[in-house]
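Have a look at the structure below, then the notes.
Taken together, the values in this text are just the output of simple stated rules run on the coordinates, not laboratory data. On a predicted model such as this, the values are computed, not experimentally measured, just so you know. As a convention, Cβ positions derive from the backbone with ideal geometry for all residues, glycine included, and neighbour counts pool all protein chains shown.
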Ligand SMILES: CC(C)(COP(=O)(O)OP(=O)(O)OC[C@H]1O[C@@H](n2cnc3c(N)ncnc32)[C@H](O)[C@@H]1OP(=O)(O)O)[C@@H](O)C(=O)NCCC(=O)NCCS
């Protein structure tokens, strides 16, 4: 009932209906569920994108309008562009959306297309191993279900917590690149099999 009401008001209603009727679950771990985002997750994601501490190593605090646009972009990534994207991380005990973790396709990272494991959690959920638990599930989904042979994380060298998450997920430092005008470190996990042939943009 609540979902229907939100969907009627939303400019992304057609995608939202497809969302409701499609399989939303991506992965389940001991403590977490990873699932597709929906427009009703806007408030939870404002706790992520509107918090200066959470956005410290990113492009700054975002508005509510930006968050709605970002959710719309997630739906497009799932249903129109890639078949994957950034997913909602849900705490199974509380049923709360605590942040995102997922895969983003970039056409040019240091001169080549790459698929990134990305993660960002609301501040009150840091320090419990949730990001690593989610990133490991995304790593396995990317390598085993989607067939990627290589996944990366693009990390500000000063972002020690993110580097630790990448390392605990099995990624290793490969190189530094200038990405979107900033010097970043690229951490990589790969396996010696042929990836599915995803188109690049
Ligand atoms: C990065 C982030 C996702 C980590 O979430 P989390 O659930 O706290 O991560 P985990 O608990 O799985 O692991 C964090 C690790 O970093 C360590 N860590 C955290 N802050 C640290 C610091 N300032 N210095 C050194 N280590 C630090 C923790 O001790 C832990 O390592 P350990 O298990 O070896 O002790 C979270 O801090 C976040 O959302 N940050 C803002 C967004 C962001 O930077 N995303 C990544 C962009 S590349």
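Would you please put 125-135, 177-187 in order of how densely packed they are, using the mean number of other Cβ atoms within 10 angstrom per residue and starting with the highest?
On the way: 125-135: 18.7, 177-187: 15.5.
The peptides rank, most packed first, as 125-135, 177-187.
Which shape class applies to region 119-180: rounded if a/c is under 1.5, otherwise prolate when a/b exceeds b/c and oblate if not, where a ≥ b ≥ c are the square roots of the Cα gyration tensor eigenvalues?
On the way: a/c = 1.99, a/b = 1.08, b/c = 1.84.
Because a/c hits 1.5 or more and a/b fails to exceed b/c, region 119-180 counts as oblate.
How would 61, 89 line up from fewest to most surrounding beta-carbon atoms within 10 angstrom?
Numbers: 61 14, 89 33.
Arranged by neighbour count, lowest to highest, 61, 89 become 61, 89.
Taking the convex hull of the alpha carbon atoms in region 2-190, what volume per residue do you get, in Å³?
Values: hull volume 22.5 nm³, N = 189.
Convex hull of Cα atoms, per residue: 119 Å³.
Give me the three principal axis extents of region 54-107 from the C-alpha atoms, as integers in angstrom, largest value leading.
33, 27, 20
How do 50, 136 line up, fewest other C-beta atoms within 10 Å first? Walk me through the numbers before you get to the answer.
Details: 50 16, 136 19.
Listing 50, 136 from fewest to most nearby Cβ atoms yields 50, 136.
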